Amino acid sequence: MTRLLKIVSALFLTTAAAQAGEVSTFSLENGMDVVVIEDNRAPVVVSMVWYKVGAADEPPGKSGIAHFLEHLMFKRTATLDEGEFSRTVRLNGGSDNAFTSQDYTAYFQRVSPDRLGLMMKMEADRMRNLEMTVEDVETERKVVLEERNQRTESDPGALFSEQRNAAQYLNHPYAIPTIGWKQEVQALTREDAFDFYQRYYAPNNAILVVAGDVSADEVRALAGQYFGPVAPTPGLKERTRPQEPPQTSERRMRYSDPRVSQPYIVRSYLAPERDPGEQNTAAALTLLADLLGGSGTTSVLGRALQFDTQTAVYTSAFYTGLSYDDRNFGFVVLPTPGVSLDEAEQALDDTLADFLDNGIDADQFARLKRSIGASMIYAQDSLQGQAQRYGAGLTSGLTVADIEAWPDILSATTEAEVMQAARDLLDKRRSVTGWLMSETIPDATTDSNSDQETAQ
């Protein structure tokens with residue numbers, strides 16, 4: 001990059017960063033935290049309510065209840081008829097939706113700024129005044145089960161992912177799928193949903209994030225008016241979960257299904273998440289995942305397996321750094337036709353060993369940092385993205401200071417720190433390796449390294 005281009009790029013990034021919204025925070029007397037991201041570039045506002053509860057916080061035997069309740073929240077309240085919430089949003093020119101993860105459940109609306117008060121009024125209403133009939137519960141249970149049939153039961157890759165995830169965690173509830181195990185979802189009741197709702201859907205377990213063409217004073221007044229009177233849940237403590245014991249032995253699994261047209265390998269390792277006050281390791285792992293498998297043309301795995309040896313048609317690396325507890329770092333390899341899974345896995349092992357021996361290409365590392373920095377700037381163009389950055393971070397245990405420090409921490413991470421993170425992580429004895437395959441793959445039944453087989 002020429003000196004002039006570097007200057008222009010730096011000016012562009014500085015200008016784009018200056019356009020990002022100013023962030024203000026405050027709390028209501030009932031314990032609800034509020035984050036306001038002022039961004040006046042368009043007459044639009046995104047309002048999100050994030051609950052600090054997700055699938056990993058469900059009672060034993062009630063898997064899927066967090067996601068199930070998300071569906072029921074769109075039914076009725078003491079003042080709104082069935083479906084009236086979303087109809088009202090649409091009639092006011094907006095859109096709304098919700099999503100559930102292992103660590104949080106979030107509800108959002110995108111509307112004109114002059115409709116923000118109405119959105120808060122309805123959201124505060126369903127925070128404590130949800131109503132559901134037995135028929136509502138039966139209907140939504142069928143919807144959730146059909147969703148599971150379509151997204152999981154009909155997809156060998158999704159079933160494979162569930163089994164791998166269960167093998168990754170011996171003790172932590174991250175082993176349980178967000179949508180729930182089918183037999184437990186079938187048994188969920190109205191009482192289960194209400195118990196979960198009444199405990200966790202409270203202002204002292206929620207974060208309101210508002211991004212867009214508003215001021216902090218406006219949001220403070222509206223939040224106080226609508227959410228301020230909502231009663232908190234007394235005695236609600238910080239969540240604690242069972243933690244994983246140290247992994248001392250490699251775990252392996254095979255998943256066979258005749259519907260599989262493209263066999264592939266996934267290997268994963270338990271990896272530290274972004275911790276409050278200590279995000280350096282997570283930053284190194286974020287960069288490591290991009291270096292090893294972020295691009296099919298420039299990454300270490302892409303160059304070695306897709307181009308140099310043509311062992312694979314696709315490679316990638318992934319890292320789940322934004323979570324409440326330790327999550328996953330891993331690799332995916334889809335072998336070229338005629339290359340066995342055993343050969344593809346050996347090629348993966350050889351490439352990782354070579355990387356640990358030879359280190360990082362300095363030019364590639366510099367390009368990667370510029371690319372990540374630019375993508376973070378471009379993300380500021382999305383109000384939804386800005387709100388989600390803070391909501392997901394705060395419900396995953398981070399502070400506002402941690403979230404705002406993240407770009408600088410990534411930028412300051414060195415090659416040496418990334419290599420140290422790689423050496424600490426890439427120990428095959430602490431890995432889970434899964435093969436997804438058709439029952440007709442001949443080498444799948446003869447590989448001496450496989451310890452167990454799970455068949456659909």
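Worth a mention:
- What the Cβ-Cβ distance of S154 and D275 gives, at R0 = 35 Å and to the nearest 0.05, is a FRET efficiency of 0.40.
- Pairwise label distance in nanometres, R423 with E343, each label 7 Å out on the Cα-Cβ vector: 3.4
- Local net charge near A42, Cβ-Cβ under 13 Å (Lys/Arg +1, Asp/Glu -1): -2
- Among the listed pairs K75/K121; K182/K237; K62/K142; K52/K369, those beyond 20 Å (Cα-Cα): K182/K237; K52/K369
- Surface composition of the stretch 224-347: carbon plus sulfur atoms contribute 52% of the solvent-accessible area (1.4 Å probe, protein chains only, all chains present).
- Considering the stretch 48-178, its Cα convex hull presents a mean projected area of 9.0 nm².
- Along each principal axis, Cα extent of the stretch 137-262, largest first, Å: 58, 41, 36
- Taking all pairs of distinct alpha-carbon atoms in the stretch 301-423, Kirkwood radius in angstrom: 16.9
- Euclidean distance between Cα centres, the stretch 383-399 to the stretch 219-233, Å: 20
- Normalised contact order of the stretch 37-102, rounded percent, pairs of Cα under 8 Å and 6 or more residues apart: 31
- The heavy atoms of I377 offer some 30 square angstrom of accessible surface to a 1.4 angstrom probe.
- 222 nm mean residue ellipticity, helices alone, for the chain (DSSP H n ≥ 4; -39,500 (n - 2.57); rounded to 500): -13000 deg cm²/dmol
- The phi-based Karplus calculation (6.51 cos²θ - 1.76 cosθ + 1.60; θ = phi - 60°) puts the 3J(HN,Hα) values of the stretch 43-52 at x, 9, 9, 10, 10, 10, 10, 10, 9, 7 Hz, whole numbers, x for Gly and Pro.
- Label point of A78 set 7 angstrom out along Cα-Cβ; within the stretch 117-144, amide nitrogens under 20 Å from it belong to 118-134.
- Sequence-separation-based contact order of the chain, relative, with Cα cut under 8 Å and 6+ spacing, percent: 21
- Positive minus negative residues near I403 (Lys, Arg vs Asp, Glu; Cβ under 11 Å): 0
- Spin-label model, N30 to T309: label points 7 Å out along the Cα-to-beta-carbon direction sit 6.0 nm apart.
- For the chain, the fraction of alpha-carbon pairs in successive 10 Å shells from zero, as %: 4, 18, 26, 26, 18, 8, 1
- Pair K121, R190: separation of 7 Å Cα→Cβ label points (nm): 2.9
- For L159, net neighbour charge (Lys/Arg +1, Asp/Glu -1) across residues whose Cβ lies under 13 Å away: +2
- Hydrodynamic radius by Kirkwood, which averages 1/r over all alpha carbon pairs of the stretch 262-342, in angstrom: 13.3
- Model label zone, S112; criterion: amide N under 19 Å from point 7 Å along Cα-to-beta-carbon; scope the stretch 30-57: 39-47
- Nearest-10 value in Å² for the accessible area of Y264, using the 1.4 Å probe: 50
- Rolling a 1.4 Å probe over the protein heavy atoms gives the chain an accessible area of 45 Å² per residue.
- Computed 3J(HN,Hα) for the stretch 335-348, one whole-Hz value per residue from the Karplus formula 6.51 cos²θ - 1.76 cosθ + 1.60 where θ = phi - 60°, is x, 5, x, x, 9, 6, 4, 4, 5, 5, 5, 5, 5, 4, glycine and proline marked x.
The values are calculated or read from the model by the stated rules, or taken from the named source; none is laboratory data. Predicted model, so just to flag it, every value in this text is computed and none were measured. For neighbour counting, all protein chains shown are included, and Cβ atoms are generated from backbone atoms with ideal geometry for every residue, glycine included. Ligands, DNA and RNA are stripped out before the accessible areas are found, and what is left, the full protein with its side chains, is counted by its heavy atoms. Shrake-Rupley method; radii C 1.70, N 1.55, O 1.52, S 1.80 Å.
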